[in-house]
Each structure stands twice: as C-alpha cells, then as structure tokens.
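Before any comments, here is the structure.
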C-alpha cells in the first residue's frame, strides 16, 4: 500500500468517523444548546443552532430552585460507595471462580446474572416493606446496599472474565515463593488485573449514577440523588425544555467528564474475556 | 368546654414544640409553577414559625404520585405534607390514611372554599385536604384565526360549532391545525379530556350497578366525534400529545383552538413565552344541549398522612399555604395573575385579580358548573367528573386510554376500541369484586 | 492448584457474594410468590384473602399479555440487532488511524452517560415531535411529509431511542476486542489476496464472538426491564403496540397498586427471564468454556 493511498484512506475514515460520531452526539449537543435558550426559544417553530440570545437564566433558576450540590453529593456517595463495596465482595468471588473452577462455576455465574432479570417493578412492594421495617427508607446506606446488590452480578462476571486471562502459572509461582492467598491476591493478582478492576469500577459507577427506579422510589429528601433532581424538572404544567436541558446537563456533565478522562482505561479493561 | 380543652391542648403542644428542638416537616409536592412559587415564598412561613423547618421533595407528577401512594399505603412515614389530587383524597380519606384538618386556625375561613372543590375533599363531613389550586377546562382559541375564518366564538359553544370552526381554521399547508386535544394515553391525559367530554354527550363509565357502559351509543358518539374532529383538523402526532405538548403547539401558533385546563390561560397569555399572547380568547367547554358541559374539575391539595408524627406543624403549614394571606403574599411578590386560582370565592370577588387575569371569569364559571357527584346526564354510583374515584381507576383509565389512542391513530376502529375497553374494564371490575 | 485447602478457601470467598445475592433474590421472590396468591391491593387494605391462581389467570388472559410478550422480544431483539450491527461498524471505524480519535470516541461514548428518562424526553420533544421536532423540520425542508413517529411506528421509535443509548456500550466492548486482534493475521490475509469482506468474515467476526456474546448478555438483562422510555413517550400505546411485559407489570403495580396482580406478573416475568437465561446460557456457554 502506498503512503499516498493510506493517507487518502485516513482522510476518508476521519471524515466518516467524525460525521457518524457527530450524529450520535447530536442529541446531547442539542440539549446543551437548548439549555442556553429561553423557554420560548426552546419550542420555537424555526429552531436555530447558534443564532439566538444566549442566556444563563436556566442554570441560575435551577441552582436557585434545587439543592443541586446535595443531590450531587448523594449521587457520588451512592455510586462510588456501592461500586467500592461491590468490588470488595466481588473480587474474592471472581478469584475463586476463575482459579478454583468446579463444574458448578458456570451455572453459578449464570444464576447470578439471572438475578438481574427480575423486573424491579415486580418486587417493588416487598422491597419497600423491608426497607420500611429496617428503617432504610431515604438513607444513603439503604441505596448503597441496593445498588451494590444490583450491580454485583455484573461485577463478578466482568472480573471473572478478566481474571481468567491471567495465566494461573503466575499465581502458582508466587505461591511457590510462600505467599498466602491474601498476599497472592493483593500483590500478584490486583496489579495485573488493575485495568479490568478499574473499568469494572467505572462501569458500575456509571450504571449506579443513572439508575432511576430504586433511587426514585426509595428516597425522599435526604438521600435523593441526581435522578430525583432531574425528576423535578421533567413534565411540569408549562414549558420546561430549556430548564430540563440545563438540569440534564448538570446531571450528565460530571459523569461525562469522568468518562472522558477514563475512556482509555475503559477501552482497555472492558474485554469480557475477548483478549485471549 | 370542648373548645377550652382544645385551646389548652394547643397551648401545651405549642409550648412543648417551642421547648423542643426545631421540628422539621417534609413536604412532597409537584413541580408545577404554583408549587415552585410556594417553595420560594416559604421563608415567610418559617419566619412566622421559627420552631418549624421545612424540607422539600419536588417531583414530576407521575413519580410523585407513585411515591406518596406507596408511602401512605404502607405507612412508610416519609412525608408530613403531601400534594395530592382530588382523585386521591376521597379514596385515602375513606381508608383512614389522612389526618383530618380540624385545626387550620381562626382566620382560615373554611366557608370561603369553593363548594364544588370542598365537597370533593370532604369524607363523612370531615375535611381531609386543603385545596392549593383548582382548575377546570375551557376552550382557548385564536381570535385572529377565527375572525379570518369569518366566525364568531359564542360564550357557550356547542360541539357542533367547535367542529365547524376547527375545520374552517385549519390550514395544513401553513402548519395551522384547527384543534389540539390531548391524545397521549393515560387516565390523567387523554382520558381526562375524553371522559369530561363524554359527560356532555350523556355517556358514563358505569351504571348504578357498576356495569361498564362502553357499549352504549353515547360512548360511540363521543369517541367517534373525537376521532373525526382530530382527523379533520388535528395536528400530526396527536396520540403522543399531553398538556405540555399541546401548550407548546398553541404557544407557537400551530393551533386554532385548544380545549384544556384553565391554568393554561396564564401560560398562553404570558408574553414572555407565548407568541400568540395577545390573540387568545376563552370560552366555556362545549356542550351538546343535554344540560352538561364537557369540562372537568381538578384540584391539587395539601394533606397530612396519618403516619406523620408532626401533624400539628404540618397543619400550620397547610393553613399558611392555602390561606387568603398567602394569596396576598403571592400578589405582592409576583403579581395578581400568579395567585393560585380556583380555590376561594373571595379571590373572584377581588377586582384587582379579576382585572389582572382575563381568564378568571371563565375559570370560576367552569369550576362552579362542574358537579363531581352528578357528573353526567344519567345517575352514576361514583364520584368524580373526569375520573372515577375508585382505586382501580388509574389502571383501567390508562388501559382504556391506550385503546382510545389506538382509535385516534387509526390502528383500531372506534367500534373495536370501545369493545376492547368494555372487555378490559369488565374484567378488572369483576376481579376487584364490584359491585361492592 | 486444587488442594483441598484452597478449595475450602475458594468456597469461603464465594460465600459473601452468593449469600447476598441469594438473599437479595430469594427474600423478595418468596414475598412476591406469596403475594401473587393473595387478593392484595395496596389501596383497598383489609382482607388479603387467599385466591389461588386467580391473579395468574387474569394476568395471562389479559389481552395485553401476548402483545406485550411479543413486543418485549421485538424490543430486545431490535435493539440488539441495531447496537451490534452499528457497534461492529463503529468499532472497526474507530480502530482505523484517524485524526482526533479521542474526540470521536468520547462523542460516541456520550449517550451511555445520559439518564434514560432524559434521553426519552429529549428524543420525544425536541427530535421526534412531528410538528416542532427537528426531524420534522428536516423532512419539511427536504419537501417530505414528517413521520409521525409515536403514532405510525411507536415500537420502532422506542427501539431507536434505546439503541441510541446502548450503541456506545456495544461499540466500546467491540472496540476493545478488535484492538486485541492479531495484526499479523490480517497482514497475512492481505498477502493471500483476501478481500475486506472475507477478512471480516473469517478473521474479525470469529475474533469478536466473545465480545458479541458479552454484549448480548448484558444488554438483554437491561433491555428486558425497560419501561421509563415507554412511560415518557407512548405510555405503551397506541393500543398495546408499545407495551412490553415490564410496562404491563408497572401498570398493575404502580397504577392500580394491585400487589397481587403485579406479583403474579412479576413471577411470570421471572419465568420468562429464566427461559431467556437458559437460552443465553446455551449460546454463551460455549464461549465461556473457552
């Protein structure tokens, strides 16, 4: 292949990639732009991409109206707390599944995943009653527990597939050197598996951040995360697109920034055992 | 004697409350504009009651309803004041889930509350909720378009005239549709409109023995009219349109007429958001000459769940938020047009308000003409104008709404939709064990 | 490796996960199972009498049930098809040497971070609305009549919205997998004169099979319980055209507060989910084995 030819294909691919990704990104860009419009402009019959009076009034109003930072903090605590707690439980389980396999391992794994197929609406009332009786309604602890349990199967599975790529000789070698299991996990397994663990963490943080069923039903004022913040801007009587757009951007941007900084990590770690 | 005792009790209660640390009450409310204003102005309340602190949970209507219903039915006790509608109050009051509002204060003037609204909030002579704002429905129309069509909107239009006017105003080429009506499936969406409409056609949900009535000619006429008028003069995508979608259409000048909640009057005449603010007229909801008009009756109210342990403080708050003084407070801060409408007769005797709100007279006339106990021409076993105040209604209302939406898009014929509705309502009612 | 000592330890380390998930699954499940045999409506407390299989009878004979069953399959299948097809294309494209790859990648990734209700509202009101939406403006500009998305193609519209949310996830996993592809193999194929399609079919696709099964598995789990998007856009209508099983259960549990009926629906959904799980296990079992 000549240099010139590859140069041309690079231009074509670049053009193609930018066009497609812009189209995919467009709804978010549109939300961002709308968040700087007035409500009247947001529903205007001839919408304009840039030619309008840019305003910050939506952001000002949203900040004045809701305790954004409370919700923000709750989101952080719940998503990060549940992900870390989940890792603590999932890593040992994934280790034992990956390195001490039995006939039942696969079934166990599938069973764990199938617990996620229970439709949440179907078990709403039982869970609500349990939360009431244990005094967990509207507490961050309660939500951390729920989010941990919801994401645990995915975590175990992701980690399991990642651990399986690690040749067991490495671990055996360390055992020869007299390391016990804890040392083996801590000093040998974790450093090797760090990309996988990091992307597991990232993925579950994202999933917990966006979970909008349990976080809405089980909270009131104290533990409500950003999903509840959003729910106070959607569909009131009256115009709301611009304010909803502003609120949406405020809810999305933190996680978008996190995603931006960690995308390489994510791409490296989300292998699902495909890198054999 | 009894009064003295009560005063004593009150005194002790206030004393103990003052002695104790600050009491925090949690208020769950809808994210509508009037409630946002209430939240904004609430430091007036905390100034008057330094021993009470407020915590707010503001949510979109559907989510709020799910949450407070779950909470009140399971005795979760997460909220001290709940914003609920006239649909919930009679059901919950009967269940004993609400605390009676018997201590609203001497200056509250309960008799000033509009009787149509108050009767819907009273169970066994006890008031279980205080109305925050009330609404009915009316016709909003474009004065310029109707003049262009060479017609004149009567104060009390008939359904026949509406259809004729809608046709005359429609100019699909120019993107102007004669009539915008709710089409999105839901008991509080398209069914609010269609049920209210059906009353004026003489239809009813159930007969005196709780037999569903969708197989009657009256329902057929109602739905046929709705489908026809929307096919002739409605906007595309009507089956996904609720209040907000239609509001956006009307404000951008796409609709000739819009029949919806009276609170919309304030939005469409608001010059900041509405491109047609100076070209809007109002008329009463249409009728068919059977003695009932097609307007509904709704109020958002504040109530205290029985599970709340802070009902004294909660009652103080409710009294503040639904009082005459609150109206004056809003008028002072936001202007008379922004005062929560439709709850007190005194507001409609206030010349300043009547001047500031061009839709005020229609609102009060509509509210007063609605009768939740005798909503339609024939007698019914239920309470409610555009709903049936039984627990099963949210479910069957939404399911029937889906059938009607299908008739609107043409996926089903009117006959099929009514037949399916009759069947599914009949099933649910049998399962629930009606007649009770 | 497999000394009895390490086996015991392995069991011990599995213990927390298994016990927690067992509790998380069994306690609500047993309660749900119990409720499903009761005449239990949250809004009419009182008797809660035992009524046998009546709740199941009503749920399964509900005219909405079969429609929602097939809609569920169409919804899951449709989204999987779009996200996998689009995801493979995107992954291959992003694997090429292009300028500004990081920016492209973050743009593709972004929809995954948007909360479902928000994306549904944005798509419904600002893009798909047949009068004020952007697509309608675009269609009119092209001289076509705008599509009335939620009336004409309700289920497909929801599939489009959901696919938009899940495309980044699929693309990301597939990209990770593609990047681990052995370049020498492709170069060798080049030398043998293989065309791009045969290269794709014989080398890339087999290599991606594990990543594809991973995408199928995870997405299926999430797609089975979609309902926020439906609630916001069509409320399951017109008719039952966009009602799926989860939405049907939602109307029973959170609109009618019929705990008995909702529980019966929940149990039916669990059974369906387990059938899907067995199916998936057949599919994926091979890939998990090695």
Inset, instruction - Give me the compactness ratio for segment B:191-290, meaning the Cα radius of gyration over 2.2 N^0.38 Å. - result: 1.24
Inset, instruction - Could you grab the relative contact order for chain A? Cα pairs under 8 Å, six or more apart, rounded to a whole percent. - result: 32 percent
Inset, instruction - Return P(r) of segment B:312-390 (all Cα-Cα pairs; 10 Å bins starting at 0; whole %; ordered from short to long distances). - result: 16, 35, 29, 18, 2
Inset, instruction - For segment C:10-69 and segment B:217-250, write down the distance between their C-alpha centroids in whole Å. - result: 39 Å
Legend entry - Rg ratio (alpha-carbon, reference 2.2 N^0.38 Å) - segment A:66-269: 1.18
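In what sequence do B:229, C:19, A:156 fall when counting other Cβ within 10 Å, fewest first?
C:19, B:229, A:156
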Legend entry - Percent of beta bridges antiparallel (DSSP, the protein assembly as shown, rounded to nearest 5): 65 percent
Inset, instruction - Could you work out how far apart the two model spin labels at residue B:106 and residue C:103 are, taking each label as a point 7 Å from the Cα in the direction of the beta carbon, and quote it in nm? - result: 7.2 nm
Legend entry - Label-to-label distance, nm, for residues given as residue B:426 and residue B:231 (7 Å Cα→Cβ offset): 2.6 nm
Inset, instruction - Diagonalise the Cα gyration tensor of segment A:1-151 and give the resulting equivalent ellipsoid semi-axes, square root of 5 times each eigenvalue, largest first, whole Å. - result: 42, 33, 15
Legend entry - FRET efficiency for residue B:173 and residue C:70, using Cβ-Cβ distance with R0 set to 45 Å, rounded to 0.05: 0.70
Inset, instruction - Could you check the simple spin-label distance between residue C:61 and residue B:378, using points 7 Å along Cα→Cβ, in nm with one decimal? - result: 2.6 nm
Legend entry - Binned Cα-Cα distances of segment B:362-436, short to long, each 10 Å bin given as a whole percent: 17, 37, 34, 12, 0
Legend entry - Gap separating the Cα centres of segment C:86-146 and segment A:96-136, nearest whole Å: 34 Å
Inset, instruction - Obtain the radius of gyration and the Kirkwood radius of chain B from its C-alpha atoms and give Rg over Rh. - result: 0.98
Legend entry - C-alpha long axis of helix B:360-369 to longest principal axis of chain B, angle in °: 90 degrees
Legend entry - Shape box of segment B:263-417 [Cα atoms, principal axes, largest first, Å]: 54, 50, 31
Inset, instruction - Quick one: order A:11, B:63 by neighbouring beta-carbon count within 10 Å, fewest to most. - result: A:11, B:63
Inset, instruction - Choose one answer from C:102, C:125, C:71: the residue with the largest mean-square fluctuation in a GNM of chain C with alpha-carbon springs under 10 Å. - result: C:102
Legend entry - Spatial separation of Cα centroids for segment A:6-55 and segment B:89-154, in angstrom: 45 Å
Inset, instruction - Rounded to the nearest 10 degrees, what's the angle between the helix A:140-163 long axis and the longest principal axis of chain A, both from Cα atoms, 0 to 90? - result: 50 degrees
Inset, instruction - For every helix of n ≥ 4 consecutive DSSP H residues, a contribution of -39,500 (n - 2.57) applies; sum these over the protein assembly as shown, divide by its total residues, and give [θ] at 222 nm rounded to the nearest 500 deg cm²/dmol. - result: -18500 deg cm²/dmol
Inset, instruction - Compute the long axis of helix A:241-269 from its Cα atoms, compare it with the longest principal axis of the Cα atoms of chain A, and write down the angle in degrees, 0 to 90, nearest 10. - result: 30 degrees
Inset, instruction - Starting from one equal scatterer on each C-alpha and no solvent at all, send me the Debye-based log10 I(q)/I(0) for the protein assembly as shown at q = 0.06 Å⁻¹, two decimals. - result: -0.46
Legend entry - Debye-sum result for segment A:72-133 in log10 I(q)/I(0), which assumes one identical scatterer on each alpha carbon, at q = 0.19, 0.28 Å⁻¹: -0.99, -1.06
Inset, instruction - Set the Förster distance to 51 Å, then compute FRET efficiency between residue C:200 and residue A:170 from the Cβ-Cβ distance, nearest 0.05. - result: 0.90
Legend entry - Length-normalised contact order for chain C - Cα pairs under 8 Å, 6+ apart - percent: 30 percent
Inset, instruction - Note the direction-averaged projected area, equal to a quarter of the hull surface, for the Cα convex hull of chain C, in nm². - result: 22.4 nm²
Legend entry - Relative contact order [Cα under 8 Å, 6+ residues apart], segment A:3-59, whole percent: 31 percent
Inset, instruction - Please grab the % of Cα pairs in segment A:3-59 that end up more than 19 Å from each other. - result: 48 percent
Inset, instruction - Using the number of other C-beta atoms within 10 angstrom as an exposure proxy, rank C:83, B:411, A:161 with the fewest first. - result: B:411, A:161, C:83
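Read-outs throughout are calculated quantities, based only on the coordinates presented, and are distinct from any laboratory measurement. From a predicted model like this one, the values you see are computed outputs, not experimental measurements. Please note: Cβ atoms are built from the backbone with ideal geometry, for glycine as well, and neighbour counts cover all protein chains shown.
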